[in-house]
Amino acid sequence: MKNFTMTLAAIALATVSFSTLAATEVQSAPAGQQSIGVVSASSSNDLSSLQNKLNAKANEAGASSYRIIGASGDNHLHGTAELYK
């Protein structure tokens, strides 16, 4: 039981620290930040799934924020986001 409690506490701590480093979606280019590149992703589900994938790629690239600049598709969605730091 003690191991389970410690594991649960470790997971909770990791989740809290990860969320503080997550990139934030913005609607326009943030003042004081520079564009560091563009990422793209595909999803066969819905727009929120595509948004989650773009968010994950922005986090992997070390961006502090990102702006979705395009999304299209019918049964298979494609999206592009500009990254800022």
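The values are calculated or read from the model by the stated rules, or taken from the named source; none is laboratory data. What you see is a predicted model, and the numbers here were worked out from it, not measured in a lab. Counting neighbours? That spans all protein chains shown, and the Cβs are built from the backbone with ideal geometry, glycine included. Side chains are part of the model used for accessible areas, which takes the heavy atoms of the whole protein and leaves out ligands, DNA and RNA. Shrake-Rupley method; radii C 1.70, N 1.55, O 1.52, S 1.80 Å.
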- Task: Have a look at Gly70, Gly37 and point out the one that is at pLDDT 95 or above, open to solvent by less than 80 Å² (accessible area, probe 1.4 Å) and over 11 Å from the mean Cα position of the chain (by Cα).
- Result: Gly37
- Note on the structure: When segment 43-67 is checked residue by residue, the ones that are in a strand (DSSP E or B) and open to solvent by 50 Å² or more (accessible area, probe 1.4 Å) are Arg67
- Residue pairs qualifying under the 8 Å Cβ cut-off, at least six apart or on distinct chains, with the first in segment 38-61 being in contact (Cβ under 8 Å) with a residue 12 or more places away in the chain and the second being of a type in the set (Val, Ile, Thr) and exposed (fewer than 14 other Cβ atoms within 10 Å of the Cβ), are Val38/Ile69
